[in-house]
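Notes to accompany the following structure.
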Amino acid sequence: MTNLRQTTIGLVSGVARGAGNELLVSLDMRFATKTHTFLGQPEVGLGIIPGLGGIQYLARLIGRGYAMEYILSGNDINANDAERIGWINKAFDTDAEMEGYVAALTGRLALFPLDALKAGREAVNAATRPRLEDSLADGVAFMELLRQESVQTRVKIGEKADGDGERFLGENLPLLYAGGAA
């Protein structure tokens, strides 16, 4: 995402976990609503690690300590707390408020010279973007762990037809171990 020519902005009003959150944290800016948003990286609780750059980007956004807390625990974070620690730029009370803010922001950006926006993005990315090699190494570790039979059993919780597996994944991760699925 950081190699795209345009500025990338994510709006969240719901759940973004795993690969969805990994996409989110790779964007230039992230905004969310307070009432519906939960973000998380539940992979370690399933026996794998975030394999699409989530570790690399998230640690740069929120710092080592918070990244360790959320990646290792698989806990979800709400929009208020995500804003406080830098996971997202800003949290809003409503979708309309969030969309209005982002419309005004993008309208402002549209006024500025493209070359200056591009140079600004490139400079920030040079200072903060993970090395490709590190993200690829995470992907390799993810695939190696995913091949384990015990991991395959735990991953099935997110495949429930009623959606409860994914919806409550953050809070239900310990049940995978208490219930004998490990």
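The values are calculated or read from the model by the stated rules, or taken from the named source; none is laboratory data. All figures in this text were calculated on a predicted structure; none of them were measured in a lab. Here Cβ is always computed from backbone atoms with ideal geometry, including for glycine, and neighbour counts include all displayed protein chains. What goes into the accessible areas is simple: the full protein's heavy atoms, side chains included, and nothing from ligands, DNA or RNA. Shrake-Rupley method; radii C 1.70, N 1.55, O 1.52, S 1.80 Å.
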Exclusive hit being within 28 Å of F142 (Cβ to Cβ), of a type outside the set (G, A, S), touching a residue at least 12 places away in the same chain (Cβ under 8 Å) and buried (at least 19 other Cβ atoms within 10 Å of the Cβ), set I77, I9, I85:
I77
Being of a type outside the set (A, V, I, L, M, F, W, C) and either open to solvent by less than 20 Å² (accessible area, probe 1.4 Å) or out of contact with any Ser or Thr (no Cβ under 7 Å at 6 or more places or on another chain) (or both) is the filter here; which residues of the range 15-35 pass it?
R17, G18, G20, N21, E22, S26, R30, T33, K34, T35
Would you pick out the residues in the range 35-94 that are assigned to a helix (DSSP H, G or I), within 14 Å of L173 (Cβ to Cβ) and β-branched (V, I, T)?
V44, I71
Just one of E133, E122, E69, E144 is without any contact (Cβ under 8 Å) to a residue 40 or more places away in the chain, more than 27 Å from R5 (Cα to Cα) and more than 15 Å from the chain's Cα centre (by Cα); which is it?
E144
For Q56, state whether it is at pLDDT below 95, among the polar types (S, T, N, Q) and open to solvent by less than 40 Å² (accessible area, probe 1.4 Å).
yes
Quick one: F38 ticks every box in (1) open to solvent by 20 Å² or more (accessible area, probe 1.4 Å); (2) hydrophobic (A, V, I, L, M, F, W, C); (3) within 17 Å of P130 (Cα to Cα); (4) touching a residue at least 60 places away in the same chain (Cβ under 8 Å) bar one, so which box is it?
(3)
